[in-house]
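**Student:** Let me give you the structure first, and then I'll get to my questions.
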Amino acid sequence: MKSASVSRWSPCFLSLVLLLASTCAHAETWRVDLIVFRFLGGIDERGRLPQAPGLAGAIELDNASALSAAGITVLPDADFGLNDQWSKLKSSPQFKPLIRIAWTQNDPPVENGPRLHLMAGSKLKIRDEQGLGEREFQEVDGTVALHLGRFLHLDAAMIFTSPGEPAQSWMLSESRKMRSEELHHLDSPRLGLITKVSKWGPGLTSTVPAATP
């Protein structure tokens, strides 16, 4: 009886083992290095009425349990990989670097993946034009997310808000195909983003097809 039972369940057990092995074999980890910066020069394009980004479900950088559940590890600043770009922005009178971050992410989803909440600058209190009192805004606020379907994509939704008269907001909103190991620039009238995405792990190289320009 014992021998028959083992014989009956062996194919199922073997299928489970093969499934787990296949899952592990296809597991991929990617690294993202990213800078958000501001353009300091004057622009002609007017902004919108002050608005806050949609942050529902976004993960805060200090939420260790949520980051872990999403397979994301925020790397220490000492491991940041775009120091040259950061220094050039910092020394330029035309730009002001605001955010620098690097993280690794296991198996980015095809869509609707984890978004990281990024913010910088001052907290602003701006009077509502409809007479509803003051509202609080972060000077730079928004989210970024990495997706992996046929190609790598980085989704950015960042907002810069100015407390001038009148107060205005400008948005950087873009989903960009990423070429692994290359620098990418995303621009808007007030904000810019520099990022590099690469396969993470000893001896590993990118297996994602190059995006068509």
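**Student:** Against the conditions (1) free of Cβ contacts under 8 Å to residues at least 40 places away in the same chain; (2) part of a strand (DSSP E or B), where does residue 164 fall short? Just the number, please.
**Tutor:** The number of the failed condition is (2).
**Student:** Residues 98, 89, 186, 146: which one is in contact with a Phe, Trp or Tyr (Cβ under 8 Å, 6 or more places away or on another chain), aliphatic (A, V, I, L, M) and either assigned to a helix (DSSP H, G or I) or without any contact (Cβ under 8 Å) to a residue 40 or more places away in the chain (or both)? If you could, list the steps in order and put the result at the bottom.
**Tutor:** Values: 98 fails: either assigned to a helix (DSSP H, G or I) or without any contact (Cβ under 8 Å) to a residue 40 or more places away in the chain (or both); 186 fails: in contact with a Phe, Trp or Tyr (Cβ under 8 Å, 6 or more places away or on another chain); 146 fails: either assigned to a helix (DSSP H, G or I) or without any contact (Cβ under 8 Å) to a residue 40 or more places away in the chain (or both).
Within the list 98, 89, 186, 146, the selection yields 89.
**Student:** Quick check: is even one residue across the stretch 74-84 farther than 15 Å from residue 33 by Cβ and either in a helix (DSSP H, G or I) or more than 11 Å from the chain's Cα centre (by Cα) (or both)?
**Tutor:** Checking the stretch 74-84: not a single residue is farther than 15 Å from residue 33 by Cβ and either in a helix (DSSP H, G or I) or more than 11 Å from the chain's Cα centre (by Cα) (or both).
**Student:** Being touching a helix residue (DSSP H, G or I) at 6+ places or on another chain (Cβ under 6 Å) and either at pLDDT 85 or above or among the small types (Gly, Ala, Ser) (or both): is that true of residue 59 here?
**Tutor:** Working: touching a helix residue (DSSP H, G or I) at 6+ places or on another chain (Cβ under 6 Å): yes; either at pLDDT 85 or above or among the small types (Gly, Ala, Ser) (or both): yes.
Spelling it out, residue 59 is indeed touching a helix residue (DSSP H, G or I) at 6+ places or on another chain (Cβ under 6 Å) and either at pLDDT 85 or above or among the small types (Gly, Ala, Ser) (or both).
**Student:** Another question about this same structure. What tally of residues in the stretch 167-201 results from selecting those that are farther than 17 Å from residue 86 by Cα and either aliphatic (A, V, I, L, M) or at pLDDT 95 or above (or both)?
**Tutor:** 4
**Student:** If you don't mind, another one. Being more than 24 Å from residue 147 (Cβ to Cβ) and at pLDDT 85 or above narrows it down to one of 38, 46, so name that one. Before the answer, list the steps.
**Tutor:** Values: 46 fails: at pLDDT 85 or above.
Only one candidate passes the filter, namely 38.
The values are calculated or read from the model by the stated rules, or taken from the named source; none is laboratory data. Keep in mind that this is a model prediction, so the values were computed, not measured. So basically every Cβ, Gly included, is an ideal-geometry build from the backbone, and we count neighbours across all protein chains shown.
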